[in-house]
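Bear in mind that the values in this text are calculations on the coordinates, not laboratory data. All values reported here derive from a predicted model rather than from experimental measurement. Methodologically, a virtual Cβ is constructed for each residue, glycine included, from the backbone with ideal geometry; neighbour enumeration extends over all protein chains shown.
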């Protein structure tokens, strides 16, 4: 019984972690697209095998015809690669910083609003009061 419970807990934790990672990958891929990266689907088994062999979910510089290109591979969420130029990479960095700042401001606003709520002034909440 304990082994079954432990197996269920491990499976649930693994699923939750995978869901969070996929959510973060989707956010990153949206920013990549907004920055001008081109997406190519791995729509054949051969292409998917190539994508799976690449460094996953990290921007990796590659030289092509004397120009630095940046490649982001995702063999699990989108089953695709994103490829961008140096300029697209710079835009990605700027957009990522802007997105991070916006998220921080949103979180700060939510904390400030919660602090100003004055829960005690509203009386009890729910049938347990």
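Against the definition (farther than 19 Å from residue 24 by Cα, in contact with a strand residue (DSSP E or B) (Cβ under 6 Å, 6 or more places away or on another chain) and surrounded by 10 or more Cβ atoms within 10 Å (Cβ to Cβ)), how does residue 108 come out, yes or no? When the stated conditions are applied, residue 108 does not pass them. Scan (1) exposed (fewer than 13 other Cβ atoms within 10 Å of the Cβ); (2) not in a strand (DSSP E or B) for the single condition residue 48 breaks and write down its number. The number of the failed condition is (1).
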